[in-house]
Amino acid sequence: QVQLVESGGGLVQAGGSLRLSCAASGRTISTVTMGWFRQAPGKEREFVAANFYGATFYADSVEGRFTISRDNAKNTVYLQMDSLKPEDTAVYYCAARSDFGWTRDSGRYNYWGQGTQVTVSS
């Protein structure tokens with residue numbers, strides 16, 4: 001079992017930055033694919049970024065603005081979000097996938113955090 005707790009969300013103006021953190025407990029995340037997803041009101045949950053053994057993958061909508069990273073010593077994953085836009089407003093979720101490999105499919109992630117709200121004002 002993996003327990004995930006996100007933090008770092010909040011309200012920011014367009015063009016600003018936020019850094020989300022996801023602290024994991026229960027097992028080490030060094031051999032686990034970690035992902036970030038988001039869900040805006042009235043929309044489906046969508047893939048944002050993933051980190052698989054140090055390799056990183058991004059949704060086209062955030063490529064070049066967001067950076068996913070991990071600190072295995074702290075068992076924590078981060079999402080640095082720069083140049084934020086109002087359309088980035090959503091609840092952001094951290095997820096872990098125990099099977100080998102990475103995917104954009106949220107259904108293939110086994111463990112989820114409770115989510116943290118990010119609101120970008122125009």
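Residue by residue, here is whether (1) in a strand (DSSP E or B); (2) without any contact (Cβ under 8 Å) to a residue 40 or more places away in the chain; (3) open to solvent by 50 Å² or more (accessible area, probe 1.4 Å) holds:
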{"position": "VAL5", "(1), (2), (3)": "yes, no, yes"}
{"position": "LEU11", "(1), (2), (3)": "yes, no, yes"}
{"position": "ILE29", "(1), (2), (3)": "no, no, no"}
{"position": "PHE57", "(1), (2), (3)": "yes, no, yes"}
{"position": "ASP60", "(1), (2), (3)": "no, yes, yes"}
{"position": "LYS74", "(1), (2), (3)": "no, no, yes"}
{"position": "VAL77", "(1), (2), (3)": "yes, no, no"}
{"position": "CYS94", "(1), (2), (3)": "yes, no, no"}
{"position": "THR103", "(1), (2), (3)": "no, no, no"}
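Taking only the range 41-55 into account, find how many residues are open to solvent by 30 Å² or more (accessible area, probe 1.4 Å) and either in a loop (DSSP other than H, G, I, E, B) or closer than 20 Å to GLY8 by Cα (or both).
Total meeting the criteria: 8.
Within the range 74-101, the set of residues being hydrophobic (A, V, I, L, M, F, W, C) and at pLDDT 95 or above comprises VAL77, LEU79, MET81, LEU84, ALA90, VAL91, CYS94, ALA95, ALA96. Of all the criteria given as (1) in a loop (DSSP other than H, G, I, E, B); (2) within 11 Å of the chain's Cα centre (by Cα), the one not satisfied by ARG19 is (1).
The values are calculated or read from the model by the stated rules, or taken from the named source; none is laboratory data. No experiment lies behind these values; they were computed from the predicted model shown. Cβ sites come from the backbone with ideal geometry, for glycine too, and all protein chains shown count toward neighbours. All accessible areas refer to the heavy atoms of the entire protein, side chains included, with ligands and DNA or RNA removed. Shrake-Rupley method; radii C 1.70, N 1.55, O 1.52, S 1.80 Å.
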